[in-house]
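The values are calculated or read from the model by the stated rules, or taken from the named source; none is laboratory data. Since this is a predicted model, take the numbers as computed values, not measurements. As a convention, Cβ positions derive from the backbone with ideal geometry for all residues, glycine included, and neighbour counts pool all protein chains shown. SASA here: full protein model, heavy atoms, side chains in, ligands and nucleic acids out. Shrake-Rupley method; radii C 1.70, N 1.55, O 1.52, S 1.80 Å.
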Amino acid sequence: MGSDSVHGVDRRRLLGWGGMSAVGVVAAGARPVSARTGRAARPAVDSAAAPPDTRPGGAYDRYVAKLAAEDRFSGVVLLSHRGRTVLSRSYGMADKEKGVRNHEGVAFNLSSAGKPFGAVAILQLAQRGKLRLSDTVGTHLSGFAEEIAEKVTIHHLLSGTSGLDTPEEDLQRVFQSRDEVREFYERWARQARPVSAPGTPTDHAGAEVAIPALIVEAVTGMTYWDYVEEHVFRRCGMTGTAFYTRPQWLTDKHIAHSYMRQADGSRVDAVRNLDKGSPDPYQLGKNPGRNFIDPPGDGGFATAPDLVRFAHALSDGTVLDRPYAELLTGAKAPLPPQGGGLAGRTAPADASFAAYMMPVSLVGGRWVKGRAGVNPGTVASWNIYPDIGWVGVVLGNQDDIPFQEIIEQEMRAVLG
C-alpha cells in the first residue's frame with residue numbers, strides 16, 4: 001500500500017493517523033499555469049481579500065519558487081478560496097524523456113492521499129442502507145479468522161482502531177494485470193492478525209485499507225476501482241483522475257512520472273526502471289511502478305483541479321449527503337501530539353484526531369482536514385480549511401522535496 005514517508009523526516013509519524021495531509025486545488029474552469037515558467041494563472045479572486053502570503057508574489061509563492069530553482073521541487077501547488085483560484089504554480093518535468101512539463105492538467109500519483117476515496121465509497125453505501133458502520137467484517141466477507149470476522153467492525157477499520165497488523169508487502173514483485181493485483185491484495189488482507197483488542201489505535205495497518213475495499217466489492221458486485229471511478233470521480237467531475245495502469249503511466253503525457261533518488265545521487269524514472277528501487281531505509285527497494293495498478297483502497301492519480309473539485313463535492317452534497325460528509329471528517333479518536341503532522345516544526349496543531357481514513361487537526365483554533373501520501377519519487381497532499389473556505393494542494397514527482405516544510409508554509413500562509 002502507499003507509504004506516507006518523507007525523505008529526511010520522521011516517516012513513521014507522518015504515516016500514522018496524526019500525520020497531516022494537504023488537499024486543495026484550483027476550481028473548475030481555472031486557467032492553466034504556465035508550465036515553462038511557473039507563472040500563475042490570473043487570480044479569479046480579489047487578491048485584497050486574501051492573506052498577503054497566499055497571493056502571487058507572496059511568501060508562499062516565493063518559497064516554492066526558491067525550492068524549484070534549487071531543484072528541490074517539481075510539481076504543482078494550488079491555493080483556492082471559496083472555489084476561486086488565488087495561487088497556481090507548476091514547475092519541473094512530468095516526463096523528462098518526452099519533454100513534457102508539469103501543468104495543472106497533469107495527474108500525479110497520490111499514494112496514501114487517495115485512501116479517503118475508499119471511506120467515501122463505504123459511506124455512500126451506508127447512506128443507501130447497503131451496510132452499517134457497526135457491521136463486522138464477517139457480515140460481508142467470508143474466510144477471515146473468527147476474532148476478526150466477529151469482532152472487527154467497519155468503523156474500527158476506517159478509524160484506524162482495528163487492532164490488526166498485516167504482513168510486509170512483496171515490494172519486489174512486478175504485477176502484470178489488474179486481476180493479479182486484486183488477487184494478491186485480497187490474499188494479503190486475509191493474512192491480517194489481531195495484535196490488540198478492536199478499538200485500540202493501530203499503526204495504520206494495511207488491512208484497514210484493503211478490507212473496506214473488499215467490502216465495497218462484495219456489496220456492489222463491482223471492482224473497487226470501477227466503483228470509485230463511477231461513483232466518486234465522475235460524480236465530482238474529476239475528469240483527469242483515475243486508477244491508471246502502468247501501460248497508461250508509460251504512454252499518457254498527462255500522467256507525471258515519479259523520479260526516485262538513487263544511492264549515487266542520480267534520479268531515475270520509476271516506471272521506466274522497474275529494476276530500480278528506493279534506497280530510503282523506510283521504503284527500501286520500493287518502486288511504485290511495479291504495481292500494474294494501485295491496490296484496491298489505495299492510491300490512484302489525480303490532477304490538482306480535480307482534488308479541489310473533490311473538496312467542494314464533500315461540502316455541497318455532491319458525493320455524500322451533508323451528515324455523512326460530516327461523519328467522514330468528524331474527529332473520532334484523539335491522537336498523540338505530532339505537531340499537526342509537522343513534527344518538530346513551529347506550527348504545531350492544538351489537537352489532532354483520527355477521522356475516517358484521514359487525520360483532522362485544530363491549528364491555531366481552526367480545523368484543517370486532509371490527507372498526505374508519499375511514494376518513492378512522489379508526494380501528494382490536500383488540505384481543506386473549512387472554517388475559512390480555503391483548499392490547498394501540493395503534488396510533486398521527485399524525491400528530496402521538503403514535504404513537511406511545504407505543508408507548514410501553506411498552513412502559515414492560509415492561517416496567518
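Within region 314-364, if we keep just the residues that are in contact with an Asp or Glu (Cβ under 9 Å, 6 or more places away or on another chain) and of a type in the set (V, I, T), the residue that is modelled with the highest pLDDT turns out to be V363.
Quick one: is Q172 in contact with a helix residue (DSSP H, G or I) (Cβ under 9 Å, 6 or more places away or on another chain), surrounded by fewer than 24 Cβ atoms within 10 Å (Cβ to Cβ) and farther than 21 Å from T220 by Cα?
Working: in contact with a helix residue (DSSP H, G or I) (Cβ under 9 Å, 6 or more places away or on another chain): yes; surrounded by fewer than 24 Cβ atoms within 10 Å (Cβ to Cβ): yes; farther than 21 Å from T220 by Cα: yes.
The answer is yes for Q172.
Does S134 count as touching a residue at least 12 places away in the same chain (Cβ under 8 Å) and open to solvent by 40 Å² or more (accessible area, probe 1.4 Å)?
Numbers: touching a residue at least 12 places away in the same chain (Cβ under 8 Å): yes; open to solvent by 40 Å² or more (accessible area, probe 1.4 Å): yes.
So S134 passes the test.
Screening E147 on (1) of a type outside the set (K, R); (2) surrounded by fewer than 18 Cβ atoms within 10 Å (Cβ to Cβ); (3) part of a loop (DSSP other than H, G, I, E, B) shows it passes everything except condition (3). Scanning region 284-328 for residues that are in a helix (DSSP H, G or I) and under 30 Å from M260 (Cβ atoms) yields P288, G289, R290, A304, P305, D306, L307, V308, R309, F310, A311. Figure legend. Inter-residue proximity from region 219-230: first residues closer than 21 Å to D135 by Cβ, second residues part of a helix (DSSP H, G or I) and polar (S, T, N, Q), beta-carbon distance below 8 Å, spacing 6+ or different chains. Indicated pairs: Y227/T220.
The requirement of being in a loop (DSSP other than H, G, I, E, B), more than 19 Å from V414 (Cα to Cα), open to solvent by 40 Å² or more (accessible area, probe 1.4 Å) and of a type outside the set (S, T, N, Q) is fulfilled somewhere in region 71-82, by at least one residue.
Within region 96-117, does at least one residue satisfy the condition of being surrounded by fewer than 24 Cβ atoms within 10 Å (Cβ to Cβ), over 19 Å from the mean Cα position of the chain (by Cα), small (G, A, S) and part of a helix (DSSP H, G or I)? No, because not a single residue in region 96-117 is surrounded by fewer than 24 Cβ atoms within 10 Å (Cβ to Cβ), over 19 Å from the mean Cα position of the chain (by Cα), small (G, A, S) and part of a helix (DSSP H, G or I). Scanning region 185-205 for residues that are in contact (Cβ under 8 Å) with a residue 24 or more places away in the chain, open to solvent by less than 70 Å² (accessible area, probe 1.4 Å) and either out of contact with any strand residue (DSSP E or B) (no Cβ under 8 Å at 6 or more places or on another chain) or assigned to a loop (DSSP other than H, G, I, E, B) (or both) yields a total of 12. In region 272-285, of all residues being crowded, with 20+ Cβ neighbours inside 10 Å and out of contact with any strand residue (DSSP E or B) (no Cβ under 6 Å at 6 or more places or on another chain), the one that is farthest from D252 (Cα to Cα) corresponds to D280. Every condition in (1) crowded, with 21+ Cβ neighbours inside 10 Å; (2) in a helix (DSSP H, G or I) holds for H257 except the one numbered (2).
Table: residues versus (1) at pLDDT below 95; (2) of a type outside the set (A, V, I, L, M).
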| residue | (1), (2) |
| --- | --- |
| T139 | no, yes |
| E150 | no, yes |
| I154 | no, no |
| L157 | no, no |
| E168 | yes, yes |
| D179 | no, yes |
| E183 | no, yes |
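Quick one: would you say G221 is at pLDDT 95 or above, on the phi > 0 side of the Ramachandran plot, out of contact with any strand residue (DSSP E or B) (no Cβ under 7 Å at 6 or more places or on another chain) and open to solvent by 30 Å² or more (accessible area, probe 1.4 Å)? For G221, the condition - at pLDDT 95 or above, on the phi > 0 side of the Ramachandran plot, out of contact with any strand residue (DSSP E or B) (no Cβ under 7 Å at 6 or more places or on another chain) and open to solvent by 30 Å² or more (accessible area, probe 1.4 Å) - is met.
Of the listed requirements (1) within 27 Å of T303 (Cβ to Cβ); (2) open to solvent by less than 20 Å² (accessible area, probe 1.4 Å), Y244 misses just one: (2). In this structure, L214 qualifies as touching a Leu at 6+ places or on another chain (Cβ under 9 Å) and either assigned to a strand (DSSP E or B) or farther than 28 Å from S352 by Cα (or both).
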